[in-house]
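K.L.:
Okay, here's the structure, questions in a sec.
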Amino acid sequence: MNEYLKKFSEQLKAIREEKKVTIDQINTKTRIDKKFLEAIESGNFSIMPDVYMKAFIKEYSRAIDLDPSEVLEKFELANKGLNFENEPEKIEESSEVNEQINPQKTKDAKKEAKTQKENKKRKKKHTPKKLKQLI
């Protein structure tokens, strides 16, 4: 096991303990066997195939009110032997650098994304009955 997987598992356990959630509570909520929950917290990710481990990590993270996609992303990085803690900072920095290099382009991209999101919302509001009335 690499050092990042160990750190990842220790962080999950620390967050769970900080939120005063027990292994039994997670077991009851997720129906994941305690031995697998303990394996996650001890960093023993080789106990089963990755696909099952990822599913269990996803449910574990939901049980302790963490964003499952973010936790899985960190797991992937740690599993590859990469420092998962620095990744979000790099994303922020690259966004800031892009804004400094070409602020108008960044603003236009944000505006376009917002417009697309609003258009999707409008499309969802129109039910078939409403569409018939419009035609």
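No lab work stands behind these numbers, since they all come straight from the coordinates. What you see is a predicted model; the values in this text were computed from it and never measured. We place every Cβ from the backbone using ideal geometry, glycine too, and count neighbours over all the protein chains shown.
K.L.:
Can you sort Lys34, Lys74 so the residue with the fewest Cβ neighbours within 10 Å comes first? Walk me through the intermediate numbers first.
P.N.:
On the way: Lys34 11, Lys74 24.
Listing Lys34, Lys74 from fewest to most nearby Cβ atoms yields Lys34, Lys74.
K.L.:
A further question on this structure: Starting with the fewest neighbours, write out Met53, Met48 ranked by other beta-carbon atoms found within 10 Å of each beta-carbon.
P.N.:
Placing the least packed residue first, the sequence is Met48, Met53.
K.L.:
With a sphere of radius 15 Å drawn around the Cβ of Ile47, what net charge do the other residues whose Cβ falls strictly inside it have (Lys, Arg +1; Asp, Glu -1)?
P.N.:
0
K.L.:
So, R0 is 41 Å and r is the distance between the beta-carbons of Lys111 and Lys80; what FRET efficiency does that work out to, to 0.05? Don't jump to the answer; show the numbers that get you there.
P.N.:
Values: r = 35 Å, r/R0 = 0.86.
Efficiency for this residue pair is about 0.70.
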